[in-house]
Amino acid sequence: ETGVTQSPTHLIKTRGQQVTLRCSSQSGHNTVSWYQQALGQGPQFIFQYYREEENGRGNFPPRFSGLQFPNYSSELNVNALELDDSALYLCASSLPGGVKGNIQYFGAGTRLSVL
Amino acid sequence: SQKIEQNSEALNIQEGKTATLTCNYTNYSPAYLQWYRQDPGRGPVFLLLIRENEKEKRKERLKVTFDTTLKQSLFHITASQPADSATYLCALDTGMDSSYKLIFGSGTRLLVRP
């Protein structure tokens with residue numbers, strides 16, 4: 001069984017730039033969620049993708065966008081980076097529709113630093 | 001407003017003792033609550049899930065209780081070991097929409113001294 005993998009592991013960008021983060025979901029999982037985790041805080045839900053459509057969004061501006069591909073892998077795109085976007089970005093895959101209590105299987109994350 | 005609260009102060013205990021971590025929430029009616037473990041620089045790892053109609057769940061040295069009247073969950077690690085040192089996060093579903101969005105607390109850091 002292949003776990004959730006994310007790339008890159010670390011990234012440094014400057015304010016105003018754009019970034020794309022990538023995620024491959026665990027085999028058998030067709031639902032992907034993205035979270036932002038600031039230092040010392042818990043993960044904050046950004047959005048979820050199911051069957052290539054956005055299926056729920058947290059309190060994040062439109063410059064945070066995503067994609068899900070037919071093989072269930074996913075991308076998170078952030079435009080016009082701000083200093084406060086510096087965080088650990090976590091991707092999690094799960095079974096759809098709250099099956100088995102919506103248990104999230106997380107990747108190791110991408111550490112984004114915005115200078 | 002809706003809140004999930006975990007003790008922000010680190011819990012420091014002696015090896016062999018029982019660690020008890022608390023998760024309190026307000027203004028939610030979750031169908032279930034989950035606990036995760038997170039090590040530095042790593043993603044959270046699922047530990048246990050408890051549903052609203054369950055009072056207690058156990059897995060090896062772990063025990064979770066869920067009191068929907070008090071809006072509180074307790075997470076216990078018995079016979080704690082230094083390897084249990086990590087940050088523990090509680091998470092619950094908002095029960096509000098079809099996205100099955102999870103809301104996480106900020107976590108409690110546990111340090112088990114040898």
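Here's the yes/no breakdown for (1) within 25 Å of B:C90 (Cβ to Cβ); (2) buried (at least 16 other Cβ atoms within 10 Å of the Cβ):
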position	(1), (2)
A:N55	yes, yes
A:G58	yes, yes
A:P62	no, no
A:G66	no, yes
A:F69	no, no
A:S94	yes, yes
A:Y105	yes, yes
Practice task
May I ask you to verify whether A:N77 is touching a Gly at 6+ places or on another chain (Cβ under 9 Å) and of a type outside the set (K, R)?
Solution key: yes
Completion exercise
Residues of segment B:25-46 being within 10 Å of another protein chain (Cβ to nearest Cβ), surrounded by fewer than 17 Cβ atoms within 10 Å (Cβ to Cβ) and part of a strand (DSSP E or B), in sequence order, are B:V45
Practice task
Please work out if B:T87 is among the polar types (S, T, N, Q) and assigned to a strand (DSSP E or B).
Solution key: yes
Problem - Condition broken by A:L76, with the remaining ones in (1) surrounded by 18 or more Cβ atoms within 10 Å (Cβ to Cβ); (2) within 14 Å of another protein chain (Cβ to nearest Cβ); (3) assigned to a strand (DSSP E or B) satisfied - result: (2)
Exercise for the section: Would you please name the residue that is surrounded by the most Cβ atoms within 10 Å (Cβ to Cβ), looking only at residues in segment B:47-63 that are at pLDDT 95 or above and more than 21 Å from A:F106 (Cα to Cα)? Expected result: B:K63
Exercise for the section: Scan segment B:15-24 residue by residue and report those that are assigned to a strand (DSSP E or B) and either among the β-branched types (V, I, T) or over 15 Å from the mean Cα position of the chain (by Cα) (or both). Expected result: B:T20, B:T22
Handout entry: Matching residues in segment B:67-93 - criterion: being at pLDDT below 95 and touching an Asp or Glu at 6+ places or on another chain (Cβ under 7 Å)
Key = B:T68
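The values are calculated or read from the model by the stated rules, or taken from the named source; none is laboratory data. Keep in mind that this is a model prediction, so the values were computed, not measured. Ideal geometry is used to build each Cβ from the backbone, glycine not excepted, and the neighbour counts take in all protein chains shown.
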